[in-house]
Amino acid sequence: MTAQYDLTIQQGATYRRTFRWLADGDPVSLTGFVARMQIRRSVRAPEVIVSATTENGRLTLNAPAGEVSLELPASVTAAITARTGVYDLELEDAGGVVTRLVEGAVEFVPEVTRD
C-alpha cells in the first residue's frame, strides 16, 4: 500500500527528505532499483514542476537501509512559481516491477529574501 505524506517546500532553500521502505518493520533492500519522482500542479497536469530521479542525482538510494533521499538544490526551488501541487515517488526494480512508495500534496512557501 502506498504511504501518504504531504511535503512543504520552501522556495529558494535547499530541500532534503529521506523516505524509508519497510516490510514488517525491516528495510527492503533497494539493490538494483532506480527511483523517480515528479511534482505537478495536479494529477492530470501536463507540466512537470520538478523531476527527481536517480539518473539526475536528485534522488539517491541507500540500498541496504531501504532509503530514498531527495535533495532539491536552492536553485531548483527558487524557480518554482506554483503554490501547491501533488507528487509521487516510484521505485523500479531490475525486472521492471514498479512500486509507488509514497504520494501526497505539496505546498510551496514563497521566499521573502531575494537578491
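Laboratory data are not the source of any read-out in this text; all were calculated from the coordinates shown. Being a predicted model, the structure only gives us computed values, none of them experimental. Here the Cβ is made from the backbone with ideal geometry for all residues, glycine too, and neighbour counts use every protein chain on show.
Only bridges whose two residues both fall in the chain count here: according to DSSP, what percent of them are antiparallel, nearest 5? Once the DSSP bridges in the chain are tallied, antiparallel ones form about 85 percent.
The value of relative contact order for the chain, using C-alpha pairs under 8 Å at least six residues apart, is 38 percent. The charge dipole of the chain, taken about its Cα centre with unit charges on the Cβ atoms of Lys, Arg (+1), Asp and Glu (-1) only, comes to about 340 debye.
Rounded to two decimals, the Cα radius of gyration of the chain over 2.2 N^0.38 Å is 1.08. Shown in residue order for the stretch 32-39 are the 3J(HN,Hα) couplings computed by the Karplus curve 6.51 cos²θ - 1.76 cosθ + 1.60 at θ = phi - 60°: x, 8, 10, 10, 8, 8, 10, 10 Hz (x for Gly and Pro). Taking amide H as placed 1.01 Å from N in the peptide plane, E111 has its amide H under 5 Å from the amide H of Q11, each at least 5 places away in sequence or on another chain. In terms of the mean number of neighbouring beta-carbon atoms within 10 Å, the peptides 18-25, 72-79 order highest first as 72-79, 18-25.
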